[in-house]
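Student: A single structure is presented below for examination.
A short reminder: the numbers here are calculations on the coordinates, not readings from a lab. Since we're looking at a predicted model, the values are computed, not measured. Backbone-built Cβ (ideal geometry, glycine too); neighbour counts: all protein chains shown.
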Amino acid sequence: MTETKRVVVAVDAMGGDRAPGEIVAGAAQAVADPDVGVLLVGRQAEIESALPDGAAPDGLEVLDATDVIAMDDEPLSAVRKQKDSSIVRAVEAVKEGRADAIVSAGNTGAVTTAAVLRLGRFKGVPTPAIAVPIPVAGQHPQVLVDAGAVVDPAPERLAQYAAMASEYARARWDIPAPRIGLLSNGEEAGKGDELRKAAFPLLERIPGFVGNVEGRDFMHADTVDVVVTDGFTGNVALKSLEGALRALSGLVFSVLDGSPEAREASTVIMPELLRLAESYDPDVTGGAALLGVKGMTVISHGASSARAIVNAVAVAADCARCDVIERMRKAVIDAG
Amino acid sequence: MPAETHVEQTPMGPDEVLALIKEHLAEILEIDESRITRDARFAEDLDADSLALIELVEILEAELGERTVGFSVDDEDLAELRTVGEATDYVVARLGVSAA
């Protein structure tokens, strides 16, 4: 039997709209896995009072950090000025070898800044990218990269993002040869703005690149595994998908509550629908990964529940175990 | 002697500061040092974004702070520095202030 490597995940206890309560509760649940340890970073007194039963379970350790970077703080100056913040201390824990990965539901810009400054970037990758899992019914998610880190990247960056995201998808979901698509306004090779036209030939050198894809190719199993784009359109696409899903689910549920017959039918359909809806719940996907920095960094969404933190910790731990950072670093080198 | 004004070593001159900035900026941006002249503009000529400049500042603060206790760069001032030459002059001036 193969022995599972035990890893420690530094969790920012103060980040997110529901911190510290939900974050602490999630961290306490995450250590139910004996192969996972959690270093919970933040204001010790607040953490301890939020711990279920008032005591840290086995595998959970608290690291006191007095400052809190707010969700709307300007990231660069916040990281510089609040050196004893939970975000900075959590990142430093990885740098110092106390933890193997980071999870934060806090200020995304501050997490990115702290990771770049304290952990460093991959050689040749000046700016990291955010890779978000997009749910696909019946199979592993697609990876959307970049979902908002760099709004105006050079064409070379898209090729690097594709190489890293492909390796990330391979490591996380055991996809032997991930298919990569460039998000554009048409499938033909000549389609797109100047960025896409310049990036296309560079992407052709990345194994698995299949050409342009369109917005309609999201969430379909038979299209691609990785969708690469700039941070501006990536963020617009992500938010559009979220909005469309929310609107669609609202419509479906209103129809099922629209008449006595529909309500009767819903008693049969609803359990299946709820099961389906759960697979699209952002608390289940495990958060976004920061690609291009020398430490596994998982960014959970701002409204993360305890469940979201449990899943994010599991993803961070899995990625640390399979050494995805080193694999992505090599992928960038191979991509030239 | 108050720690804030204690000078560990002789303050650096403009040429030394420029050399230090060139060395670290070249490393951060992964470009040849020869591209980094006094007149080079951070954004337009060197493609250095705000994150790269903060990286440079953190390195300079750590390195120069060992020579001159209290050396620091204000974030507000950083936004005003457009060229390598302006940054060099700023650092030299700040070193003087810290050493005074």
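Student: Would you please give the FRET efficiency between residue A:334 and residue A:74, computed as 1/(1 + (r/R0)^6) with r the Cβ-Cβ distance and R0 = 41 Å, to the nearest 0.05?
Tutor: The formula returns an efficiency of 0.65 here.
Student: Also, I was wondering about something else. Apply the a/c threshold of 1.5 to the C-alpha gyration tensor of the protein assembly as shown and tell me whether it is rounded, prolate or oblate.
Tutor: Because a/c hits 1.5 or more and a/b fails to exceed b/c, the protein assembly as shown counts as oblate.
Student: Compare the peptides B:31-44, A:27-40, A:82-95 by average per-residue count of other Cβ atoms within 10 angstrom and give them in order, highest first. Provide the component values of the computation, followed by the final result.
Tutor: Numbers: B:31-44: 13.6, A:27-40: 21.6, A:82-95: 24.0.
So the order, starting with the most tightly packed, is A:82-95, A:27-40, B:31-44.
Student: Taking a quarter of the surface of the convex hull around the Cα atoms of the stretch B:12-99, what do you get in nm²?
Tutor: 4.9 nm²
Student: Give me the number: length gained by fully extending residue A:95 to residue A:81, i.e. 0.36 nm times residue separation minus the C-alpha to C-alpha distance, one decimal in nm.
Tutor: 3.1 nm
Student: Please give the FRET efficiency for residue A:278 paired with residue B:74, using the beta carbon to beta carbon distance and R0 = 45 Å, rounded to the nearest 0.05.
Tutor: It comes to 0.35.
Student: Now for a different question. How many percent of Cα pairs in the stretch A:1-128 exceed 18 Å? If you can, show how the numbers build up before the last one.
Tutor: Numbers: 4106 of 8128 pairs.
In whole percent, the long-distance tail amounts to 51.
Student: Which of the three applies to the stretch A:208-250, rounded, prolate or oblate, going by the alpha-carbon gyration tensor with a ≥ b ≥ c and a/c under 1.5 meaning rounded?
Tutor: oblate
Student: Right, another one. Which pairs break 24 Å Cα to Cα here: A:81/A:123; A:5/A:95; A:83/A:294; A:191/A:330; A:5/A:294; A:123/B:22?
Tutor: Pairs exceeding the cut-off: A:81/A:123; A:191/A:330.
Student: Within a Cβ distance under 9 Å of residue A:195, other residues only, what is the Lys/Arg minus Asp/Glu net charge?
Tutor: Working: positive: A:196, A:197; negative: A:152, A:193, A:194, A:230.
Here the charged neighbours net out to -2.
Student: Continuing with the same structure: What is the Cα coordinate range of the stretch A:190-336 on the first, second and third principal axes, sorted by size from largest, in whole angstrom?
Tutor: 62, 40, 25
Student: Would you mind telling me the antiparallel percentage of the DSSP bridges in the stretch A:130-282, rounded to 5?
Tutor: Numbers: 4 of 14 bridges.
Once the DSSP bridges in the stretch A:130-282 are tallied, antiparallel ones form about 30 percent.
Student: Using each residue's phi in the stretch B:27-34, evaluate 6.51 cos²θ - 1.76 cosθ + 1.60 at θ = phi - 60° and report the 3J(HN,Hα) Karplus result to the nearest Hz, with x for Gly and Pro.
Tutor: 5, 5, 8, 6, 10, 6, 4, 5
Student: Hey, can you grab everything whose amide H is under 5 Å from the amide H of residue A:227? Only 5+ residues off in sequence or another chain; H modelled, so Pro and N-termini drop out.
Tutor: Result for residue A:227 returns A:143, A:144, A:145, A:181.
Student: A further question follows. Could you work out the relative contact order of chain B? I mean the mean sequence separation of Cα pairs under 8 Å and 6+ apart, divided by the number of residues, in percent.
Tutor: It comes to 45 percent, rounded to a whole number.
Student: Just to verify a number: FRET efficiency for residue A:269 and residue A:220, C-beta to C-beta distance, R0 = 22 Å, to 0.05?
Tutor: It comes to 0.45.
Student: How long is the stretch A:100-218 along each principal axis, judged by its Cα atoms, biggest number first, in Å?
Tutor: Principal-axis extents of the Cα atoms in the stretch A:100-218, largest first: 41, 35, 23 Å.
Student: Okay, moving on. Kindly write out, for the stretch A:100-116 in residue order, the coupling ³J(HN,Hα) from the Karplus curve 6.51 cos²θ - 1.76 cosθ + 1.60 (θ = phi - 60°), rounded to whole Hz, with x marking Gly and Pro.
Tutor: Taking θ as phi minus 60°, the curve returns 9, 7, 10, 10, 9, 9, x, 3, 4, x, 5, 4, 4, 4, 4, 5, 5 Hz for the stretch A:100-116.
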